[in-house]
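Below: one structure, written as structure tokens.
FYI, it's all coordinate maths here, none of it is from the lab. Keep in mind that what you see is a predicted model, and the values were worked out from it rather than measured. Counting neighbours? That spans all protein chains shown, and the Cβs are built from the backbone with ideal geometry, glycine included.
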Amino acid sequence: MIKAIAIDDEPLALTILEHLCSKNTDVVLEKTFTSQQEALNYLEKFPVDLIFLDIQMPENDGVSFYKSLKNKPLVIFTTAFDSYAVEGFNVNAVDYLLKPIAYERFETAVEKVKRLKQLPVSGVEDPFILIRADYKLNKIYLKNILFIEGLDDYIQIHIEGKSKIVARMSMKNIMEQLPLSDFIRIHRSFIIPVQRITSVQSKFIFINEQEFPVGDTYKTTVLQLLTDKKI
């Protein structure tokens, strides 16, 4: 069982998290807070396994608050702004959930916490996403994604052992559905799975013999990830 608290200055956001946790038998949301100081006082007396933490708060940003904790539980950041994804990387967040939070993404994040806590993972099925393309809903297992390529208003999902799937959606939207620590956007046109990276040379990342450029905008994020993962 995962003991958790949630910190967010918006009461509605906390109500939504309470609802999400109530649907998941592996998480017990013990307390919610709109004040970081009240949360800190609670944590000093009652340690937890996990914090759902909003990044943009009036007292202090969530990342700085998390860094200030002496005993750091696992953390899943929640925010309405995807520009904070790099900050999530910098403190080794378990995941990064963009509001409004879909239950499927919430479940994916919880499964990652369970693996880190070495708890039994529910079911036997590997994590997957559902993508609408070719007038149907396609089930794509994350472990089978080779890379994702952006083409104007479309994306191409290259899948191991299968034909690629072409869907009308943005790179930003597909990135929101993927686990933050497992996939990284390295270029305006490429998202790659971290575990498939085989080498890094200058401004290029390689997956086996295939070469992918690292865009200038994404250099900092990529460097931080490679450092954290010791690639």
Problem - lysines whose Cα lies under 18 Å from that of Lys114, excluding same-chain neighbours fewer than 8 positions away - result: Lys3, Lys23, Lys72, Lys143
Handout entry: FRET efficiency for Glu38 and Thr220, using Cβ-Cβ distance with R0 set to 30 Å, rounded to 0.05
Key = 0.35
Practice task
Would you please give the residues with an amide H less than 5 Å from that of Phe183, counting only those at least 5 places away or on a separate chain, with H modeled from the backbone geometry?
Solution key: Val194
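Using unit Cβ charges (K, R positive; D, E negative) and no other charged atoms, how large, in debye to the nearest 20, is the dipole of the chain about its Cα centre? Show your work: numbers first, answer last.
Working: 28 positive and 31 negative charges, 127 e Å.
Its charge dipole is roughly 620 debye.
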Completion exercise
For Glu30 and Lys143, extending 7 Å from Cα along the Cα-Cβ vector and measuring point to point gives, in nm, a value of 3.3 nm
Completion exercise
Subtracting the Cα-Cα distance of Gln56 and Met1 from 0.36 nm times their residue separation yields 17.0 nm
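Looking at the chain only, what percent of DSSP beta bridges run antiparallel? Nearest 5 please. List each step's numbers first, then the result.
On the way: 28 of 47 bridges.
For the chain, the DSSP antiparallel bridge percentage is about 60.
For the peptides 134-145, 212-223, what is the packing order when you average, over each peptide's residues, the other Cβ atoms within 10 Å and list the highest mean first?
On the way: 134-145: 13.0, 212-223: 15.2.
Per-residue Cβ counts within 10 Å, averaged per peptide and sorted highest first, yield 212-223, 134-145.
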Fill in the blank from the handout: For the range 128-229, the dipole about the Cα centre with charges only on Cβ (Lys and Arg +1, Asp and Glu -1), to the nearest 20 debye, works out at 240 debye
Fill in the blank from the handout: In whole µm²/s, the translational diffusion coefficient that Stokes-Einstein assigns to the chain, given a Kirkwood hydrodynamic radius over C-alpha pairs, 4 °C and 1.567 mPa s, equals 69 µm²/s
Problem - Point-to-point label distance, Ser199-Lys67, nm (Cα→Cβ direction, 7 Å offset) - result: 3.5 nm
